[in-house]
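All remarks here apply to the structure that follows.
The values are calculated or read from the model by the stated rules, or taken from the named source; none is laboratory data. Bear in mind that the values here come from a model prediction, so they are computed numbers and not experimental data. Counting neighbours? That spans all protein chains shown, and the Cβs are built from the backbone with ideal geometry, glycine included. Each accessible area value is taken on the protein alone, full model and side chains, heavy atoms only, with ligands, DNA and RNA left out. Shrake-Rupley method; radii C 1.70, N 1.55, O 1.52, S 1.80 Å.
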Amino acid sequence: MLSAEKNRTLTQVSAGTPMGELLRRYWHPIAAVSEFEKNPVKPVRLMGEDLVLYKDLSGTYGLIGRHCKHRSADLAFGYVERCGLRCHYHGWTYDEEGACIAQPFEEKFDPQERLKKKIRTAAYPVQAKAGLVWAYLGPQPAPLLPDWEPFSWKNGFVQIVFAEVPCNWLQAQENSIDPVHFEWMHENWKKRLAGATGPYAPKHLKIGFEEFEHGFVYKRVREGGDESDPLWTVGRVCLWPNGFFLGEHFEWRVPVDDENMLAVTWSFIRVPKEAEPYEQKSIPFWNAPIRDSSGRWITSHVINQDMAAWVGQGRIADRTKENLGASDRGVSLLRKRLFDDLRAVAAGKDPKGLIREPERNRRVELPNIGRKLYTEGMTLEQYREHPFWKNLLDDFRWHYGQPAEVRREFRAAMGLEAESN
């Protein structure tokens, strides 16, 4: 367990807090590129700050303070110009660096632009990569936005899923280094939810953890398996500081504020060999529901099941009341590393995993059990025979609520459309 003080240290994310300053050293995905095809302005709350993200008419992204410096009008109602975002109230306009570049009425009476030159709003760097829009809220110079290897994979159908989750980011991230929950939540509980009482899933016999440059790898041996299994020799990745990588998809737990987070999933599905070459023109995004029409938590899909555990711990888990056991060794390692990073930042040093050298930021590989499959592909018949991938032909197993139009795009990309006619 943790003391109340240490729990606050790990969970408070606003500017000026230790964890807030640590997390600001990293890039965070906050939107999808395809969102801006219909609406170029989006309000964003990130680590306790109210901001507005926009894409102006020249194609430049900006992330600036949400309220106009004139009389606090909400810039989420603003509209984009060739350069910058214009306030709908009196026309003041801000560029991506936070400078006020237009004050239409005031400029007539202040030709020296003394007022305009004094006005600045909060502004943060933004980059687009892999269909996502990323933000950096930390000190300069910013580290490089990681170029993870899967972002360059060919012949894949990619989709981006967002879910707003009413809990602190850390209880979600601790799930990323907890192998034993898979047995109970995603297998045994799933059976019980379906009305079955067994047989239960193979038990975990051994778990292991290894730290590497970009996080931790967790490993497992289960009944019927041994240490030659890729789940032990390669393992899964707890991506530093707030991500999870399972080989064909990433998950990020982006802090909105102390009591809320944005779950971001980037999913790659290799099309069958018969459908190659395949080039995706636009990466779709969708917002996943987390409750049904009666208000009950949705528990049918993998990440929805995870969410039920996260929010069940409360808005901010009270770690003074927990009793950690042998299955929680990874959680203890994660917390220790976070405290190590907090001390590093306080001493003016970089925390874990930042990339600053361009030569080290080209198709950065992570431990990946299925790399050969994702990079070389397989036929549709092999998909149907595969114990894991066959399930994705019928349903997006990670999140509930995939929209019909995204499902249609997926089926067409996979060569399933003609088959259903």
* Of Y218, T197, I207, which is farthest along the charge dipole of segment 156-228 in the positive direction, counting Lys and Arg as +1 and Asp and Glu as -1 at C-beta? -> T197
* Asked: Rounded if a/c is under 1.5, else prolate if a/b is larger than b/c, else oblate: which is segment 88-214, with a ≥ b ≥ c the root eigenvalues of its Cα gyration tensor?
  -> prolate
* By the gyration tensor of its Cα atoms, with a ≥ b ≥ c the square roots of the eigenvalues, what is the shape of segment 259-368: rounded for a/c under 1.5, prolate for a/b over b/c, or oblate? -> oblate
* Structure fact -> Sorted by chain and number, the residues with a modelled amide H under 5 Å from that of F285, at a separation of 5 or more or across chains, are I160
* Please give the solvent-accessible surface of E106 in Å², to the nearest 10, using a probe radius of 1.4 Å with every protein chain present. => 50 Å²
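Any chance you could run the full-extension gain for I355 through H70? It's 0.36 nm times the residue separation minus the Cα-Cα distance, nm to one decimal.
98.7 nm
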* Asked: Do any cysteines of the chain lack a neighbour Cys whose Cβ is under 4.7 Å away, and which are they?
  -> C83, C100, C167, C238
* Structure fact -> Partner aspartates and glutamates whose C-alpha sits under 14 Å from that of K206, ignoring same-chain residues fewer than 8 away, are D178, E183, E223, D226, E227, D229, D328
* Label-point separation, R45 to K321 (7 Å along Cα→Cβ), nm -> 2.4 nm
* Asked: Among G314, G295, Q280, whose Cα sits farthest toward the positive end of the charge dipole of segment 280-320 (+1 at Cβ of Lys/Arg, -1 at Cβ of Asp/Glu, about the Cα centre)?
  -> Q280
* Ordering D74, D394 from largest to smallest accessible area (1.4 angstrom probe), what's the sequence? -> D394, D74
* **Where a label projected 7 Å from the Cα of H186 along Cα→Cβ would reach, residues of segment 250-264 with amide N under 14 Å** => 250-252
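So, with +1 on the Cβ of K and R and -1 on the Cβ of D and E, and no other charges, what is the size of the charge dipole of segment 337-394 about its Cα centre, to the nearest 20 debye? Working shown, then result.
Numbers: 12 positive and 10 negative charges, 51 e Å.
For this selection, approximately 240 debye.
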* Structure fact -> Between the modelled labels at K117 and S293 (7 Å from Cα along Cα→Cβ) the distance in nm is 6.2 nm
* Structure fact -> Surpassing 29 Å at the alpha-carbon level, of the pairs K42/K281; K55/K116; K55/K117; K191/K336; K203/K352, are K191/K336; K203/K352
* Which labelled figure in [x] 71, 48, 38; [y] 80, 59, 51; [z] 58, 53, 44 is Cα extents along the principal axes in Å, once derived from the coordinates -> [y]
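Using 1/(1 + (r/R0)^6) with R0 = 41 angstrom and r between the beta carbons of Y89 and Q140, what's the FRET efficiency to the nearest 0.05? Kindly include the intermediate steps, with their values, before the conclusion.
Values: r = 31 Å, r/R0 = 0.77.
Once rounded, the FRET efficiency stands at 0.85.
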* In Hz, Karplus ³J(HN,Hα) per residue of segment 304-321 (6.51, -1.76, 1.60; θ = phi - 60°; x = Gly, Pro) -> 4, 5, 4, 4, 4, 6, 4, 6, x, 7, x, 4, 10, 4, 8, 7, 6, 9
* Structure fact -> Measuring from its Cα centre, segment 1-130 shows a charge dipole (+1 at each Lys and Arg Cβ, -1 at each Asp and Glu Cβ) which, in debye to the nearest 20, is 200 debye
* Please give the per residue accessible area of the chain, computed with a probe of 1.4 Å over protein heavy atoms only, in Å². => 46 Å²
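By accessible area of protein heavy atoms, probe 1.4 Å, what ranking do R8, R270, R362 get, highest first?
Working: R8 120, R270 15, R362 160 Å².
I get R362, R8, R270, largest accessible area first.
Nothing charged except the Cβ atoms of Lys and Arg (+1) and of Asp and Glu (-1): what's the magnitude of the dipole of the chain about its Cα centre? Round to the nearest 20 debye. Can you show the working numbers first?
Details: 58 positive and 58 negative charges, 149 e Å.
Dipole of the chain, to the nearest 20 debye: 720 debye.
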* For E223 paired with S332, estimate the spin-label separation in nm (one decimal), with each label point 7 Å from Cα along the Cα-to-Cβ line. => 2.6 nm
* Based on the mean of other beta carbon atoms within 10 Å per residue, what is the order of 59-65, 34-40, most packed first? -> 59-65, 34-40
* Roughly how many Å² of W232 are accessible to a 1.4 Å probe, to the nearest 10? -> 40 Å²
* Asked: Counting only protein heavy atoms and using a 1.4 Å probe, what share of the accessible area of the chain belongs to carbon plus sulfur, as a whole percent?
  -> 50 percent
